Amino acid sequence: MASDDKKKSKGGCIGRLMSFVVFLVVVGLGVALYFISQPQDLSEVGGLGQTTTTAASPPRDIKTVLQKSIEGSYSVTLSESEINQWLSRELIASQGGELAPWVSIKNVCIRLKTGVAEVVIEREIHGYPFTTSMFVQIEQSESQKGISTQIHLHGGGFHELVPKPTMGGRFGKLPVPQGFLILVMSDFKKIASIFEDEIELGFNRMAHIEIQDKRLVLDPRRPTVEVGGNSF
């Protein structure tokens, strides 16, 4: 009898533990879905929704600016506001397929922080805003063969003590691991295909690329000192 009571007690403990684990998983999923449904606050992103400028500050064509920078061998600085105003003017975003009547891309913008750029896509689903984003870091190194530029699609680790997995972007307000970008990568590739010329000029043809707070600094001149594989 005592042995049966112990078995029942042990089985009851395991059952309660499993129920608690399932409860935690369900709560975690619920919290995650809540934050995914909450769009990012884009109010601080420079130039978002601004398609016009004053006569004293006429808009610059990014492609022309980059071409002249390379031809003249001088650096150029693009502000976050300028880049996003240009995107608003140039990008005609649409969402095709059966969901077209309910889903539309409202904005595409870039948030620039020191060392990291975040590309944000804002949609409207049944009139409700929904955002997805991808982090981008630039790594450059110089060797005898020249300067190598690598684009990393992540914003680093979630915490300095937990470098892996890397944070790939955000679904709504929820930061997600880099592997989750596969769910939205096709959208970012379509946008990138529209700006192939600008990407070629701004990344592949530039010797020095630095992402600063609210601005992007590009320089086609070969540096006189070794870049050393720093992330910008």
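The values are calculated or read from the model by the stated rules, or taken from the named source; none is laboratory data. Every value quoted in this text rests on a predicted model; they were computed, and no experiment measured them. Backbone-built Cβ (ideal geometry, glycine too); neighbour counts: all protein chains shown. Ligands, DNA and RNA are excluded from the accessible area calculation, which covers all protein heavy atoms including side chains. Shrake-Rupley method; radii C 1.70, N 1.55, O 1.52, S 1.80 Å.
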Item checked: Cα gyration tensor shape for segment 72-200, rounded if a/c is under 1.5, else prolate or oblate -> oblate
Notebook entry, point to check: In nanometres, what is the gap between the two model label sites at residue 63 and residue 19, each 7 Å from Cα along Cα-to-Cβ?
Noted result: 6.5 nm
Note to self: Going by average Cβ density within 10 Å per residue, which order do the peptides 140-151, 192-203, 19-30, 78-89 take, highest to lowest?
What the structure shows: 78-89, 192-203, 140-151, 19-30
Checklist line | Amide hydrogen neighbours beyond the local backbone of residue 156, cut-off 5 Å, H modeled | finding: 167
Checklist line | Violating pairs (Cα-Cα greater than 27 angstrom) within the set 63/164; 68/145; 106/164; 68/173; 106/190; 145/214 | finding: 63/164; 106/164; 68/173; 145/214
Note to self: Show me, for segment 197-214, the HN-Hα J-couplings you get by feeding each phi into the Karplus relation (A = 6.51, B = -1.76, C = 1.60, θ = phi - 60°), rounded to Hz, glycine and proline as x.
What the structure shows: 5, 5, 5, 4, 6, x, 10, 6, 9, 9, 7, 9, 10, 9, 8, 10, 5, 6
Next item on the list: Note down the accessible area of residue 128, probe 1.4 Å, to the nearest 10 Å².
Entry: 110 Å²
